[in-house]
Each structure stands twice: as C-alpha cells, then as structure tokens.
Amino acid sequence: MSKLRVGMIGCGAIAVQKHLPALMKLSDKVEVVAFCDGNEQNARKVAEKFNKHAKVYTDYEEMVKDSDIDMVHICTPNVFHAPMAVAALDAGKHVMCEKPMAINSGEAKKMLDAAKRSGKKLTIAYQNRFRKDSLLLKEACARGDLGEIYVAKAHAVRRRGVPTWGVFMNKKLQGGGPLIDIGTHALDLTLWCMDNYEVESVMGVTYNKLKDQNQTNLFGPWDPETFNVEESAFAFIKMKNGATIYLEAAWALNTLDEREAMTTLSGTKGGAEMRRNKVTNTDELAFNGEMYGNLVETKSQDATGIAYISPNEETEADREIGQWINAILEDKDPVVTPEQAYTVTRILEAIYESAETGKTIEFRELSVL
C-alpha cells in the first residue's frame, strides 16, 4: 500500500503539538511531504523537525496544486479555513480542518459544497469526541441507556483562562472569543451524543465585563485595549423535537464550576454528566438513574483532559487522526462529518446574531444532514 502524502497548512502550536505527532505515529500509512506557513522561517523550522526532505511553501494556493499531495491539514486562524479548504478540495485533496469549520455559516457552506462537487473527504478536528469518556458516553447514548435525551447542557467554562498569545482575541481573524473557540467543542460533543442536529431556534447573549480584571489569568495578563471579543457567552437552543440545550462558554467568569469540552445529558431512562472531581483532581463521567426503587449513580474516572503529547499512551489526537486516515484508505465517512460541523457553525453564528439583535433566531431552512 502506498502512503498517503500530507501537506500541512499552518505550522503553529496546534500543528506541532497535535497533528504532526499523531501523523508521525502513522508513518506506515502517511508521510508529511509539504509544509506551508506565511512565515517561511517557521515552516522550515517545523519541516526540519518532522521531515527535513519535505517541500516548504509560503503560498497555500501553490501548495494545493502539488500533485504529490493527497490530503491537506489546515491549522490556521479561523478566517482562512474556508478559502484554504475550498482551494484544496477543488484541487482534488482530502481535507482535515481545525475547528471551527469556518468563521460563519456562509463560509462553511462553501466548504460543504466544495466537498460534494469534488468527491473528496472533508472533516473538522473536534478531537474531544475521541476522549475515552466521550466514547463511553456516546456508546451509552447509542444503546439507548439514557432513553430519549430531551435536556442537555454544553459546558466550556474557564474561571480565568484567556489565551493571550496568537490571534485568539482578534475578532477579524477568529470571528469571536470563547464561544467560537471552546464553546464549539462543547456544542459539538453535545449534539453528537444526542444525535440531534434538527434546530428550531436559538437565543443567546454575550458579555465583556471583566476586561479590566486582567491580573490573575492562567496565561498572564491580557491587554484590555485589545480584548474586543466576548469573554463569555450563553445560549438556549431549542430542537425541532422539543429537546433543549443550554450552552455556556467563557474564558473569564466569576464561578467555581469550571468545565471545558464537557456535556450533561438528561434522558427519560437516565442521565450522564461530565464533571471535574475537585477532591481527586480528575475528570469523571457519572451516570445516574433509578434502580429497584432507589436513585443510583455510577462513575468512570478514567477520563483524562486534553493531552496531545504522550510517548506511551494513545491520545484522543491519535484516535482522531487514525480514524481520519482509515476513512480515506477505506473510503468511508469520517466520524466528524462536514454536515454535522456545518450545523455547529450555524448555531454559533445564530448565538452571535441573537446577542447582537436581542432576538430569537429561527431556523427555517431544510437540514443538510
């Protein structure tokens, strides 16, 4: 079997810490043959580390024309996702794009259309689906252990965790703050476990009230003058079948309930909750329900957080990239389909629109799923 040849667009932290290490572990199936970055020196530095014989580009449009490349990974600021993905798909390359799918639903639809007309595969990097606790929860939901899931909460809350590096607070490049950055993970995880993408309406609010409280932050103090995205966002999402989702996303919030990329599900047969156990300092998945006339709770504590680098254990990034490569080799759908990611982007956009206008946003169009 000949190896799939990969081109990497964007050579920053997410490429170096997540994508490339996972791809290196699949050296029997793939080879990274090209690196592209607007900063040529950075691209050459990364190429030297991962494949010193690889080609180096500063123009992604030139790279996607390279006939030696079969697939492209996009690890750039959000605003570039759509144009880069469309160019790669139209050039006959499979595409894995970092989350979120795009900066808005219009751009995301362009990606979806390009995938359909090219016949190439497109997936979005929602690696939290591949955590052990997520996979266990998905299995329980698929088996019907929770019954009909009609109430859910999507959690993406940091007490003080504003990212002060890169372009995270650049609204033009990113499209927003924690909602589009970490809220997108929690929303994707919740919709996936519910297996429900039929949205009726969205109502949301955003806040930026703590911009001057910048001295105690996990990543160091931020500049209040450049903090022009929301610091927190909250939404109420109603599905067509009557189910509801409450979404909370924050980089900075005065709360003790910190949970990131987690979900709480309530069904007719039982419930499940991803949460942080402050006594053991571990993440846990707790199932709850009724048995023999008693309320019961069971916990799974083998649930680790985001960890891209591990020489000894398979990480969620390894599982994510592994299934993506197999989807191409075996010509099957990836776990994260572009239609699912498109719905996530539509909801995020609707939350921002609702926050700006003060109105409930109705979803009237037919679903693309």
Practice item. Within the range 1-24, track down each residue that is over 22 Å from the mean Cα position of the chain (by Cα) and either farther than 21 Å from residue 124 by Cβ or assigned to a helix (DSSP H, G or I) (or both). Key: 1, 2, 3, 5
**Study point:** Residue among 112, 137 that is buried (at least 20 other Cβ atoms within 10 Å of the Cβ), in the same structural domain as residue 8 (by TED's automatic domain parsing) and outside any loop (DSSP other than H, G, I, E, B)
**Key:** 112
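Conditions (1) in contact with a Leu (Cβ under 9 Å, 6 or more places away or on another chain); (2) more than 30 Å from residue 314 (Cβ to Cβ); (3) among the aliphatic types (A, V, I, L, M); (4) without any contact (Cβ under 8 Å) to a residue 40 or more places away in the chain, marked per residue:
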site: 50; (1), (2), (3), (4): yes, no, no, yes
site: 54; (1), (2), (3), (4): no, no, yes, yes
site: 65; (1), (2), (3), (4): no, yes, no, yes
site: 90; (1), (2), (3), (4): no, yes, no, yes
site: 96; (1), (2), (3), (4): yes, no, yes, no
site: 104; (1), (2), (3), (4): yes, yes, no, no
site: 143; (1), (2), (3), (4): no, no, no, yes
site: 150; (1), (2), (3), (4): no, yes, no, no
Point to revise | Cβ pairs under 9 Å, 6+ apart, first in the range 223-250 and touching a residue at least 24 places away in the same chain (Cβ under 8 Å) and farther than 17 Å from residue 187 by Cβ, second surrounded by fewer than 20 Cβ atoms within 10 Å (Cβ to Cβ) and among the acidic types (Asp, Glu) | key: 241/148; 241/198; 241/200; 242/200
Check your understanding: So, of the residues in the range 263-283 that are assigned to a strand (DSSP E or B) and without any contact (Cβ under 8 Å) to a residue 40 or more places away in the chain, which turns out to be nearest to residue 138 (Cα to Cα)?
Key -> 273
Practice item. Restricting attention to the range 48-67, report how many residues are within 23 Å of residue 80 (Cα to Cα) and surrounded by fewer than 17 Cβ atoms within 10 Å (Cβ to Cβ). Key: 6
Revision key, fill the gap. Of the listed residues (209, 238), the one being outside any loop (DSSP other than H, G, I, E, B) and of a type in the set (D, E, K, R) is 238
Practice item. For residues that are of a type in the set (Gly, Ala, Ser), surrounded by fewer than 21 Cβ atoms within 10 Å (Cβ to Cβ) and more than 23 Å from residue 337 (Cα to Cα), tally how many sit in the range 153-201. Key: 2
Revision key, fill the gap. Within the range 351-369, restricting to residues that are at pLDDT 95 or above and β-branched (Val, Ile, Thr), the one that is surrounded by the fewest Cβ atoms within 10 Å (Cβ to Cβ) is 357
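The values are calculated or read from the model by the stated rules, or taken from the named source; none is laboratory data. No experiment lies behind these values; they were computed from the predicted model shown. Methodologically, a virtual Cβ is constructed for each residue, glycine included, from the backbone with ideal geometry; neighbour enumeration extends over all protein chains shown.
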